[in-house]
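The values are calculated or read from the model by the stated rules, or taken from the named source; none is laboratory data. This is a predicted model, so every value here is computed, not measured. Backbone-built Cβ (ideal geometry, glycine too); neighbour counts: all protein chains shown. Calculation scope for accessible area: heavy atoms of the full protein, side chains included, ligands and nucleic acids excluded. Shrake-Rupley method; radii C 1.70, N 1.55, O 1.52, S 1.80 Å.
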Amino acid sequence: MKQVYFDNAATTPLDQAVFEEMKPYMLEHFGNPSSIHTHGRKARVAIEKARKSIAELLNTSPSEIFFTSGGTEADNTAIRNSVEQYGIHHIITSPLEHHAVLHTVEMLEKTGKVKVSLLDVDEKGQISLDQITEFLKTEPNSLVTLMHANNEIGNLNDIYEIAELCQEYGAIFHTDTVQSMAHFKHDLQTMKANFVVGSAHKFHGPKGIGFLYVNHEKPIPPFVIGGAQERNMRGGTENVYGIIGLAKALEMAYENQESNSQQIRSVKSYMIDQLEENIPGVQFNGLSAEMDKSLYTVLSASLPPNDDNDMLLFNLDINGISVSGGSACSSGSNIGSHVLTAIGSDPDRGAIRFSFSRHSTTDEVNYVVGKLKEILKT
Ligand code: PLP
């Protein structure tokens, strides 16, 4: 049976070349990077080389890149530690953020540390810069946390403009760029953000490794107390081969960014056409079908009410098709998607998130749409 993996926003397969780069650091160069002997120095040099390479790609300084266990840790750290360090009592965010952000903000609110202003979102999931400005005018000493690309509906926020706005009012700006990192070439000198986040497994790197960019103008206290790793910011022996893999995956993504994005865009655009042609009543959630306003890897389809919608993901799965219904982080639970709820999606309509990578093909699209047609008996 054909196997189709259209769930690349959940995670991507590790690239073979990334694995080859990591392998020697699993087997031969196993030294502890904190050890001063040759084995240790070999690992230390490789970590710093990886940090330098990532910093160069993002047009920033290696001293502003801190390795973490992934996107969730980086989001948590940026939000919690900046609130603590800068006496922030007000957070501006949106109901469409990933749980790594939303639950962190909710926890700070519950413990009475901050007041939260949630931005309004329209039925397409759009926020308004005017409303951010209004909130900032009332309370400039705020933390603004808004993602670049939404993981469920693909909407893009103009983080360069939001960063400027925050700078104008003296607010701190954290942006969760987990879904767009490597798919867009972020320039951290131009973008005036305080915190930016990356997670390797979203761009063909290994799982369990990511990074937090911390702009030097607003340093934060240590993430994890312990040894002197990560310049005293995050104690604990480094995930050496993860770091090597992260850097290699980002380098490869940057090298081939234009051709990859073109190829993925054409698959997404073909999928939109095929769904519209073959599935009567199909709609698209958020801005995901607007090619210039959404992440080119994500398409969120909304299907007409149907008794079989509950079984949709299961039926696709038994046909070898891996997709997600809403956010993969919540899949497996019966809790509906907070994103689709916030944009007022009809709960009776089925939602499928198709997310693509450079390995996705139009043949796969044909197979998926064909199976969907069969399942929905359209
Ligand atoms: N932020 C967004 C937008 C995501 O999509 C994800 C993962 O799905 C995360 C954060 C969490 O990243 P990680 O899996 O590396 O902890």
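Values computed for the structure shown
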item	result
Flag for ASN76 being in contact with a helix residue (DSSP H, G or I) (Cβ under 7 Å, 6 or more places away or on another chain), over 23 Å from VAL298 (Cβ atoms) and within 14 Å of the ligand (Cβ to nearest atom)	yes
Among residues of the stretch 39-71, those that are part of a helix (DSSP H, G or I) and either open to solvent by less than 40 Å² (accessible area, probe 1.4 Å) or without any contact (Cβ under 8 Å) to a residue 40 or more places away in the chain (or both), counted	20
The listed residue being over 15 Å from GLY125 (Cα atoms) and in contact with an Asp or Glu (Cβ under 7 Å, 6 or more places away or on another chain), out of SER355, SER360, SER269, SER300	SER355
Those residues of the stretch 320-331 which are away from the ligand (no atom under 13 Å from the Cβ) and modelled with pLDDT under 95, in sequence order	GLY325
Residue count, the stretch 227-280 (criterion: among the basic types (Lys, Arg) and without any contact (Cβ under 8 Å) to a residue 60 or more places away in the chain)	1
Per-region count, the stretch 128-153, residues aliphatic (A, V, I, L, M) and farther than 16 Å from HIS174 by Cα	1
Every residue from the stretch 122-143 that is touching a strand residue (DSSP E or B) at 6+ places or on another chain (Cβ under 6 Å) and within 16 Å of the ligand (Cβ to nearest atom)	GLY125
The stretch 311-324 - residue that is open to solvent by 10 Å² or more (accessible area, probe 1.4 Å) and either closer than 21 Å to ILE343 by Cβ or small (Gly, Ala, Ser) (or both) and, of those, nearest to the chain's Cα centre (by Cα)	VAL323
Identity of the residue in the stretch 261-300, within 18 Å of the chain's Cα centre (by Cα), within 14 Å of SER360 (Cβ to Cβ) and among the polar types (S, T, N, Q), that ends up surrounded by the most Cβ atoms within 10 Å (Cβ to Cβ)	THR297
Among (1) open to solvent by less than 50 Å² (accessible area, probe 1.4 Å); (2) out of contact with any Leu (no Cβ under 9 Å at 6 or more places or on another chain) - the single one LYS137 does not satisfy	(1)
Some residue of the stretch 159-173 being surrounded by 23 or more Cβ atoms within 10 Å (Cβ to Cβ), outside the structural domain of THR297 (by TED's automatic domain parsing) and within 12 Å of the ligand (Cβ to nearest atom)	no
Residue list for the stretch 1-31, restricted to those being away from the ligand (no atom under 16 Å from the Cβ) and surrounded by fewer than 16 Cβ atoms within 10 Å (Cβ to Cβ)	MET1, LYS2, GLN3, GLN16, ALA17, GLU20, LYS23, PRO24, MET26, LEU27, GLU28, PHE30
Matching residues in the stretch 216-235 - criterion: being within 16 Å of ALA55 (Cα to Cα) and either within 16 Å of the ligand (Cβ to nearest atom) or out of contact with any Ser or Thr (no Cβ under 8 Å at 6 or more places or on another chain) (or both)	GLU230
Residue in the stretch 195-209 that is open to solvent by 10 Å² or more (accessible area, probe 1.4 Å), away from the ligand (no atom under 15 Å from the Cβ) and over 14 Å from the mean Cα position of the chain (by Cα) present	no
Filter result (over 21 Å from CYS166 (Cβ atoms), within 16 Å of the ligand (Cβ to nearest atom) and either touching a residue at least 40 places away in the same chain (Cβ under 8 Å) or in a loop (DSSP other than H, G, I, E, B) (or both)) within the stretch 98-121	HIS99
Residue check for TYR254: among the aromatic types (Phe, Trp, Tyr), out of contact with any Cys (no Cβ under 7 Å at 6 or more places or on another chain), closer than 30 Å to ILE54 by Cα and surrounded by fewer than 19 Cβ atoms within 10 Å (Cβ to Cβ)	yes
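Residues checked against (1) in the same structural domain as GLN189 (by TED's automatic domain parsing); (2) assigned to a helix (DSSP H, G or I):
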{"residue": "PRO206", "(1), (2)": "yes, no"}
{"residue": "GLU217", "(1), (2)": "yes, no"}
{"residue": "GLU238", "(1), (2)": "yes, no"}
{"residue": "ILE243", "(1), (2)": "yes, yes"}
{"residue": "ALA247", "(1), (2)": "yes, yes"}
{"residue": "ARG265", "(1), (2)": "no, yes"}
{"residue": "SER269", "(1), (2)": "no, yes"}
{"residue": "PRO280", "(1), (2)": "no, no"}
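Quick grid of which residues meet (1) touching a strand residue (DSSP E or B) at 6+ places or on another chain (Cβ under 7 Å); (2) acidic (Asp, Glu); (3) over 21 Å from GLY125 (Cβ atoms):
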| residue | (1), (2), (3) |
| --- | --- |
| SER180 | yes, no, no |
| GLY208 | no, no, yes |
| GLU217 | no, yes, yes |
| ILE225 | no, no, yes |
| GLY235 | yes, no, yes |
| ILE243 | yes, no, yes |
